[in-house]
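The values are calculated or read from the model by the stated rules, or taken from the named source; none is laboratory data. Source: prediction; values computed, not measured. Heads up, the Cβs are rebuilt from the backbone with ideal geometry, glycines too, and the neighbour counts pull from every protein chain shown.
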């Protein structure tokens, strides 16, 4: 999820936005991003990879492959699954996945705070009074 810092506009012109995205990489390949975070949270909420896929509007195959790819790259299991049995809640996040999501969320919040501060102190003043959207 891109972070966004918006300066409010005095007139009808569109507000100026500072945007940033974060993700984790291994050997130049993205292994954890906002999209995978959403998938994992959907698995946690629904208890099922299939239901999670439906909830976020992706195919089961896509979500399963994305999770497996991340697990391989990270060297850790993110989702524990139970084959067979009764009930629909057959998948759950591991402690590693929960910690990864929480840490990612914390870092995302810190980036929002840093970019907001930088925008207000460094970028906004350079716009001048006629171009400022504060």
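Yes/no matrix, rows are residues, columns are (1) in contact with a strand residue (DSSP E or B) (Cβ under 6 Å, 6 or more places away or on another chain); (2) within 18 Å of residue 37 (Cβ to Cβ):
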site	(1), (2)
62	no, yes
71	no, yes
81	yes, no
91	yes, yes
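Any residue at all in the stretch 111-121 that is surrounded by 16 or more Cβ atoms within 10 Å (Cβ to Cβ) and at pLDDT 95 or above? No: zero hits. Filtered by the rule that a residue be outside any helix (DSSP H, G or I) and at pLDDT 90 or above, the stretch 68-110 gives 75, 76, 77, 78, 79, 80, 81, 91, 92, 93, 94. Residues in the stretch 1-59 that are at pLDDT below 75 and touching a helix residue (DSSP H, G or I) at 6+ places or on another chain (Cβ under 7 Å) were compared, and the one that is surrounded by the fewest Cβ atoms within 10 Å (Cβ to Cβ) is 1.
Mind counting the residues in the stretch 67-86 that are in contact (Cβ under 8 Å) with a residue 12 or more places away in the chain and over 14 Å from residue 100 (Cβ atoms)?
Final tally of qualifying residues: 3.
For the stretch 29-46, a tally of residues being in contact with a strand residue (DSSP E or B) (Cβ under 9 Å, 6 or more places away or on another chain), in contact (Cβ under 8 Å) with a residue 40 or more places away in the chain, assigned to a helix (DSSP H, G or I) and closer than 18 Å to residue 107 by Cβ returns 2.
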